[in-house]
Every structure is written in structure tokens, then in C-alpha cells.
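Below is one structure, written out as C-alpha cells; comments come after it.
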Amino acid sequence: MRIEEANAGDVKELKELIGREFPYTGITEQKVWDKIDNPFFMILKMAGGKGEMTGFAEFQVMDAENGIARLNGITVRPAFRGKGYSKKLLTGAVKKIRENGYKKIILLVKVKNRTAKKLYKGLGFVKVGTLGKLIDKDKIEEWELIII
Ligand SMILES: CC(C)(COP(=O)(O)OP(=O)(O)OC[C@H]1O[C@@H](n2cnc3c(N)ncnc32)[C@H](O)[C@@H]1OP(=O)(O)O)[C@@H](O)C(=O)NCCC(=O)NCCS
């Protein structure tokens with residue numbers, strides 16, 4: 001299982017995956033292109049043996065000066081879930097983020113998303129608060145990982 005930065009050849013697959021898992025983002029192919037071209041975004045894909053994308057994680061620079069990046073989203077294709085792939089993906093992603101000089105990763109997660117919270121907790125993320133805003137009518141928690 002390889003973890004590498006997504007490129008132009010991944011646009012269609014990313015648009016499909018993001019649209020399915022995060023419909024509230026209103027993703028389009030153009031928006032995926034914009035992210036791939038934008039140095040403040042980093043999309044890391046996990047590729048299986050046949051080169052197919054088994055999942056991805058998207059990061060965004062929030063505060064370059066203070067080394068803060070945000071995990072905007074992570075997903076593993078349904079057929080590959082429950083096998084530890086998201087742990088491998090996020091562990092590899094955190095390593096890359098650290099190598100790029102970042103000190104902290106923040107993320108937002110729906111209160112009800114127990115699987116994602118288990119994943120984050122397992123990697124050392126801690127909950128730092130609950131936001132006032134809702135996504136898909138769900139309450140949102142903020143979590144962070146200090147990586148220095
Ligand atoms: C969240 C998600 C990425 C997890 O991917 P995954 O590869 O199936 O997860 P893993 O197999 O690596 O398991 C991660 C942890 O969750 C647990 N877990 C996995 N599936 C679970 C389930 N259905 N119910 C409860 N816990 C579950 C695992 O046991 C593991 O915890 P542990 O280390 O304490 O045992 C995947 O479910 C997904 O893509 N969900 C939809 C998108 C999403 O919600 N993303 C997160 C918000 S941005």
C-alpha cells in the first residue's frame with residue numbers, strides 16, 4: 001500500500017470519492033483541480049496493488065507561520081474498511097506533515113462519527129472542544145494532534 005501525493009490523473013476518482021462521502025462540500029472536478037494546483041492543499045492518496053485509489057486524506061495549511069495544518073477529510077473506500085487502512089494512511093500522512101515542518105494538525109469531526117473518532121484517538125489526537133455550528137445537522141467537535 002503506497003501513500004503519495006495525488007496528481008492530475010486522480011481528479012475524476014477524487015471528485016467521485018469526495019462527492020460520495022462529503023456531499024455537503026459541493027465538490028466538482030474544477031474544485032479538485034484547484035486544490036491540486038494550490039500549494040496550501042495536500043491530498044495524499046493510498047494506492048492498492050493494482051494502482052487503484054483505496055482512500056485519501058486532504059490537508060490544508062491554516063497557519064503557515066505557526067505550523068498548523070487541518071485535516072479536511074479522510075476516507076477509505078467501503079470495500080477496504082475495517083482492515084486498518086485508515087490507520088496506515090493517517091500515520092503515513094502525519095509523518096509527511098511532520099517532515100514538512102508542521103507542528104500541529106487540527107480537524108473537525110461530527111460528534112456521531114464514532115469510527116473516525118476511534119481512528120483519531122488511536123493516533124493520539126485529543127478533543128479540544130465542541131463548535132457551535134452544525135454540519136448535516138450534526139454537532140461538530142474539534143480535535144488536534146501536536147506533532148513536535
Ligand atoms: C473513518 C474511516 C476513514 C475509517 O477507515 P477504516 O480503514 O475502516 O478504519 P480502520 O480499519 O483503520 O480502523 C480505525 C479504527 O476504527 C475502528 N473501526 C473501524 N470500523 C469500525 C466500525 N464500523 N465501527 C466501530 N469502529 C470501527 C477500528 O477498530 C479502529 O480502532 P482501534 O484501533 O481502536 O481498533 C472510514 O470509515 C470512512 O471512510 N468513513 C467515511 C468518511 C468519514 O467519516 N471520514 C472521517 C471524517 S472526515
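Structure notes:
- When Ile3 is tested against (1) at pLDDT 95 or above; (2) more than 11 Å from the ligand (Cβ to nearest atom); (3) buried (at least 17 other Cβ atoms within 10 Å of the Cβ), exactly one condition is not met: (1).
- Among helices (runs of 4 or more DSSP H) entirely within segment 1-106, having at least 3 residues that are in contact (Cβ under 8 Å) with a residue 24 or more places away in the chain and within 23 Å of Glu144 (Cα to Cα) singles out 85-99.
- Number of the exception - Arg98 against (1) of a type outside the set (Phe, Trp, Tyr); (2) closer than 17 Å to Phe40 by Cα; (3) touching a strand residue (DSSP E or B) at 6+ places or on another chain (Cβ under 6 Å): (3)
- Residue that is nearest to the ligand (Cβ to nearest atom) [pool: residues in segment 61-89 that are over 19 Å from Lys35 (Cα atoms) and among the hydrophobic types (A, V, I, L, M, F, W, C)]: Val76
- Enumeration of residues in segment 90-121 that are exposed (fewer than 14 other Cβ atoms within 10 Å of the Cβ) and within 7 Å of the ligand (Cβ to nearest atom): Arg114, Thr115, Lys118
- Number of the exception - Gly132 against (1) in contact (Cβ under 8 Å) with a residue 40 or more places away in the chain; (2) more than 9 Å from the ligand (Cβ to nearest atom); (3) not aromatic (Phe, Trp, Tyr): (1)
The values are calculated or read from the model by the stated rules, or taken from the named source; none is laboratory data. The model shown is predicted, which means the values in this text are computed figures rather than measured ones. Because the Cβ atoms are built from the backbone with ideal geometry, glycine has one as well, and the counts that use them run over all protein chains shown.
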